[in-house]
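> Before we start, here is the structure in question, set down as C-alpha cells.
The values are calculated or read from the model by the stated rules, or taken from the named source; none is laboratory data. Treat the numbers as computed from the prediction; the structure is a model and nothing was measured. As a convention, Cβ positions derive from the backbone with ideal geometry for all residues, glycine included, and neighbour counts pool all protein chains shown.
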Amino acid sequence: MAFWNVDTLQLQEFRPGIMSKAAIGDDLIMVCMEIAAGKEDTGHEHAFDQCGLVIAGTIEMFVGEERKTLTVHESYFIPAGLRHGWKTFDSPVKLLDISLSSKVG
C-alpha cells in the first residue's frame with residue numbers, strides 16, 4: 001500500500017497493548033503504531049537509526065541521557081546503538097515510526 005490515512009488505517013495487534021501496521025520495503029520500514037495507556041519500554045537498543053512523529057497523544061521518551069515528553073507534531077531521532085525507551089500516560093499514543101529494514105545489509 002503506497003498511501004495511508006493514519007486516522008482510518010486498520011491496525012493489528014503487534015504485542016499486548018501495541019497495535020500497528022507496517023509497510024516494509026527493501027531499505028525502510030514505516031510503521032503506524034498505537035500504544036495503549038500505561039505501557040512502558042524501560043529501554044533497548046538496535047543497530048539502525050530510527051525516527052518518528054507523534055500523531056496523537058502524549059509519550060515520554062528517553063534517548064541516551066536525554067528525556068522528553070512529546071505531544072502531537074513533535075518528533076524524535078534515535079541514533080543507531082543508543083539506548084532508548086518510552087512510557088505512555090493515561091491515554092493511548094499514536095506514532096509514525098521510520099527505520100531501516102532488516103533486509104538492508
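> Specify which of the listed residues (THR71, THR8) is modelled with pLDDT under 95, polar (S, T, N, Q) and out of contact with any helix residue (DSSP H, G or I) (no Cβ under 7 Å at 6 or more places or on another chain).
THR8
> Just a yes or no: is a residue in the stretch 21-33 at pLDDT 95 or above, assigned to a loop (DSSP other than H, G, I, E, B) and more than 11 Å from the chain's Cα centre (by Cα)?
no
> Tally the residues that are part of a loop (DSSP other than H, G, I, E, B) and either among the aromatic types (Phe, Trp, Tyr) or in contact with a Pro (Cβ under 7 Å, 6 or more places away or on another chain) (or both), restricting the search to the stretch 34-43.
Residues of the stretch 34-43 that are part of a loop (DSSP other than H, G, I, E, B), as a first pass: 36-39.
Still in the list and also either among the aromatic types (Phe, Trp, Tyr) or in contact with a Pro (Cβ under 7 Å, 6 or more places away or on another chain) (or both): 36-37.
Residues meeting the conditions: 2.
> Given the conditions (1) crowded, with 16+ Cβ neighbours inside 10 Å; (2) within 16 Å of VAL6 (Cβ to Cβ); (3) among the charged types (D, E, K, R), report the number of the one that GLU74 does not fulfil.
(1)
> Would you please list the contacts, defined by Cβ atoms under 9 Å and residues six or more apart or on different chains, that run from a residue in the stretch 50-76 that is more than 12 Å from LYS94 (Cα to Cα) to a residue that is outside any strand (DSSP E or B) and among the hydrophobic types (A, V, I, L, M, F, W, C)?
Note: pairs meeting the criteria are GLN50/ALA80; GLU60/PHE89; VAL63/LEU82; GLY64/LEU82; THR69/PHE89.
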